[in-house]
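Read through the structure below, which is laid out as structure tokens, and then see the notes.
The values are calculated or read from the model by the stated rules, or taken from the named source; none is laboratory data. What you see is a predicted model; the values in this text were computed from it and never measured. So basically every Cβ, Gly included, is an ideal-geometry build from the backbone, and we count neighbours across all protein chains shown. Surface areas here come from the heavy atoms of the whole protein model, side chains and all, with no ligands, DNA or RNA. Shrake-Rupley method; radii C 1.70, N 1.55, O 1.52, S 1.80 Å.
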Amino acid sequence: LLPPIPCSLAQPVTPELLVSPSSQDGDLGSECPEDRGNWTGRLDFLLSCIGYCVGLGNVWRFPYRAYTNGGGAFLVPYFIMLAICGIPIFFMELSLGQFSSLGPLAVWKISPLFKGIGMGTILIVSLVAIYYNMIIAYVLFYLFASLTSDLPWQHCGNWWNTDLCLDHHVIKAGNTTFPVNITNTISPSEEYWSRYVLHIQGSSGIGDPGRIRWNLCLCLLLSWTIVYLCILKGVKSSGKVVYFTATFPYLILVMLLIRGVTLEGAWKGIRFYLTPQFDHLLSSKVWIEAALQIFYSLGVGFGGLLTFASYNTFHQNIYRDTFIVTLGNAITSILAGFAIFSVLGYMSQELGVPVNQVAKAGPGLAFVVYPQAMTMLPLSPFWSFLFFFMLLTLGLDSQFAFMETIVTAVTDEFPYYLRPKKASFSAVICIALFLMGLILTTEGGMYWLVLLDDYSAGFGLMVVVITTCLVVTRVYGMKRFCRDVHMMLGFKPGPYFRACWMVLSPATMMALLVYNIIKYQPSEYGSYRFPAWAEVLGILMGVLSCLMIPMGMVVAVLREEGTLWERVQQASRPTMDWGPSLEENRTGMYVASLAGSQSPKPLMVHMRKYGGITSYENTAIEVDREMEEEEEEESM
């Protein structure tokens, strides 16, 4: 049997001026997969990447991590780890996606033996998408609750409050001169969160989920509806939505920052946040925390960056975009710290307690501490609405990326069947993930959310990123990968990137993985300790994404012929159709790899298409010359 003729070569390519309108519709049109599409605006890709990377973690994790790990001194390991781990892996993911124009599954044409990495990525992203949208549902709940003249978590005395509830407004009105002992009391905002929003008292633990909270269920349905409507037409629709969701949070953040630093006691919080404690730099924990923050904040390994880059034009300057996004992400995290800790400083002064007693991370900051601080401000519903609207826009564009990753990965695997029905397929995925997330809307749903958060993207994600790095540099080959980047961007990656890809990045991530395993601690939520079966379930979630890699290897080897070693060798080589998706970008060795190609030299391809030579054609000729010289050296 003859190999199938690619759609780009099904008909001879003739100069566009010689093509008549009637001859543009070929007989094979219906047999070719629908076009993947591209970004429609110049800033679509850049803003999508910024929106994806700048998420909830920048607001509720970075400031807390900074102050617990040396304050201002934490910025030293943070930026070093950004240079070693963040920027190189970020650039590698973008390069793989843009060069191949393929999603996280199909991109493993680069080495079919390791397609399991792509399957592991999709499993991780699916689990994260389930609980991440539940957090967005909580944000929507608080957003609607802020549309009132009196915030519902402002005072005690509601049906959900207990005798331990202590209202700071009452303390202030009493003009007490003695500091109040608040250790055995609970703030109204904390009781509102745990007893009203979650209604966690209705569940005895993770094995007893209780009833569905229908108001949370409706918020989850609304968040999935918003996400679906925004990804309905793929990057053509989500690429436009990010012009708002990626930029508007900055406006709100600046407003909150200005309001925060003008409050009495604000500098107390900022000093607490940034005072450098350089003795912390001698602790390995601080360096590990910095690497973890970089790793999760940039979203490497989740497939979102690769997916977004796959919709770029072949010569998009992703080198420049890498530095804009990674440095912009770091600056946003630092800026968010000022906005958060200025308000916490004011809050600590109002309550008469040290800053470290009010500072929290994660959902505790977003849904308890900061809402409580908002009640102390004039026009508190307005500031509360702004804060939660910022969290909503921060969360949504990260969720767009997760969904686009899943949809793109599967549609690239079955382009003939699924691309024409991409909107319907996206709806099926959204409905399936919504149904899986229903357990998170129960009274014990927070226990399940903590379990998913702790295990779904833990060591499994690190294994995926380490393996990707090793496959690209060792199996595919550093020289070959650098040549691909040269062909795409017009220059080769410098010694800094090559050193990081070969040694520094994998070694650092291996250290992270080992540290996480050694310092493993069972999950907990407040004083609740998870039972053994829940821990096992969580560990299995992480292990399953790792097991996808050997499972993919077995499938790839079984598809080949010959002895076991021959099969492994054949499966580890790139497929014949690996390379740029458009014929005019397939130069040198990639031209020869296309079945039915009549153009052995890149210059002929470009002359035939454009009738002239550009700087990229010169690059193609240079790459060809290098390859010929290498072949001559090898033959000698």
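Go through the range 493-503 residue by residue and tally those that are open to solvent by 10 Å² or more (accessible area, probe 1.4 Å) and of a type outside the set (Gly, Ala, Ser).
5
Suppose we filter LEU344, LEU335, LEU327 for residues that are hydrophobic (A, V, I, L, M, F, W, C) and open to solvent by 60 Å² or more (accessible area, probe 1.4 Å); which single one remains?
Answer to the selection: LEU327.
Which one of these is in contact with a Phe, Trp or Tyr (Cβ under 7 Å, 6 or more places away or on another chain) and within 23 Å of TYR132 (Cα to Cα): LEU253, LEU198, LEU305?
LEU305
Which one of these does THR313 not meet: (1) in contact with a Pro (Cβ under 9 Å, 6 or more places away or on another chain); (2) open to solvent by 20 Å² or more (accessible area, probe 1.4 Å)?
THR313 satisfies every listed condition except (1).
Going through PRO112, PRO104, PRO77, PRO152 one at a time, which residue ends up being surrounded by fewer than 21 Cβ atoms within 10 Å (Cβ to Cβ) and out of contact with any His (no Cβ under 8 Å at 6 or more places or on another chain)?
Of PRO112, PRO104, PRO77, PRO152, the one residue that is surrounded by fewer than 21 Cβ atoms within 10 Å (Cβ to Cβ) and out of contact with any His (no Cβ under 8 Å at 6 or more places or on another chain) is PRO152.
Filter the range 65-90 for residues that are within 20 Å of the chain's Cα centre (by Cα), farther than 23 Å from SER238 by Cα and of a type outside the set (Lys, Arg) and give the result.
Selection gives TYR78, PHE79, MET81, LEU82, ALA83, ILE84, CYS85, GLY86, ILE87, PRO88, ILE89.
Listed residues MET92, MET119; which is at negative phi, at pLDDT 95 or above and open to solvent by 30 Å² or more (accessible area, probe 1.4 Å)?
MET119
Among the listed residues ARG474, ARG498, ARG529, ARG480, identify the single one that is of a type in the set (D, E, K, R), within 18 Å of TYR319 (Cβ to Cβ), out of contact with any strand residue (DSSP E or B) (no Cβ under 6 Å at 6 or more places or on another chain) and free of Cβ contacts under 8 Å to residues at least 24 places away in the same chain.
ARG498
May I ask you to list the residues in the range 553-584 that are of a type in the set (A, V, I, L, M) and either outside any helix (DSSP H, G or I) or touching a residue at least 40 places away in the same chain (Cβ under 8 Å) (or both)?
MET553, VAL555, ALA556, VAL557, VAL568, ALA571, MET576, LEU582
Can you pull out every residue in the range 456-492 that is surrounded by fewer than 21 Cβ atoms within 10 Å (Cβ to Cβ), in contact with a Phe, Trp or Tyr (Cβ under 9 Å, 6 or more places away or on another chain) and outside any helix (DSSP H, G or I)?
Result: GLY490, PHE491.
Looking at (1) out of contact with any Phe, Trp or Tyr (no Cβ under 6 Å at 6 or more places or on another chain); (2) modelled with pLDDT of 95 or more, which one does LEU143 not meet, given that it meets all the others?
LEU143 satisfies every listed condition except (1).
Within the range 196-210, can you find the residues that are more than 17 Å from ALA137 (Cα to Cα) and open to solvent by 10 Å² or more (accessible area, probe 1.4 Å)?
Across the range 196-210, the qualifying residues are GLN201, GLY202, SER203, SER204, GLY207, ASP208, PRO209, GLY210.
Based on what the data block shows, is LEU435 under 17 Å from ALA129 (Cα atoms), modelled with pLDDT of 95 or more and either open to solvent by 10 Å² or more (accessible area, probe 1.4 Å) or among the small types (Gly, Ala, Ser) (or both)?
Spelling it out, LEU435 is indeed under 17 Å from ALA129 (Cα atoms), modelled with pLDDT of 95 or more and either open to solvent by 10 Å² or more (accessible area, probe 1.4 Å) or among the small types (Gly, Ala, Ser) (or both).
Which condition from (1) more than 14 Å from VAL465 (Cα to Cα); (2) part of a loop (DSSP other than H, G, I, E, B) is the one that PRO104 breaks?
That leaves (1) as the condition not met.
Suppose the filter is among the small types (Gly, Ala, Ser), open to solvent by less than 50 Å² (accessible area, probe 1.4 Å), under 30 Å from GLY364 (Cβ atoms) and modelled with pLDDT under 95; does GLY55 pass it?
So GLY55 fits the description; yes.
I'm checking my understanding of the structure. Among residues of the range 274-284 that are aliphatic (A, V, I, L, M) and either in contact (Cβ under 8 Å) with a residue 24 or more places away in the chain or in a loop (DSSP other than H, G, I, E, B) (or both), which one is surrounded by the fewest Cβ atoms within 10 Å (Cβ to Cβ)?
Selected residue: LEU281.
Residue-wise test of (1) closer than 30 Å to SER581 by Cα; (2) of a type in the set (A, V, I, L, M, F, W, C); (3) in a loop (DSSP other than H, G, I, E, B); (4) without any contact (Cβ under 8 Å) to a residue 12 or more places away in the chain.
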| site | (1), (2), (3), (4) |
| --- | --- |
| LEU256 | no, yes, no, no |
| PHE272 | no, yes, no, no |
| VAL286 | no, yes, no, no |
| ILE294 | no, yes, no, no |
| LEU305 | yes, yes, no, no |
| ARG320 | yes, no, no, yes |
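How many residues does the range 340-369 hold that are over 26 Å from the mean Cα position of the chain (by Cα) and in a loop (DSSP other than H, G, I, E, B)?
So the answer is 4.
Do you know which residues across the range 222-263 are modelled with pLDDT of 95 or more, among the polar types (S, T, N, Q) and open to solvent by less than 30 Å² (accessible area, probe 1.4 Å)?
SER223
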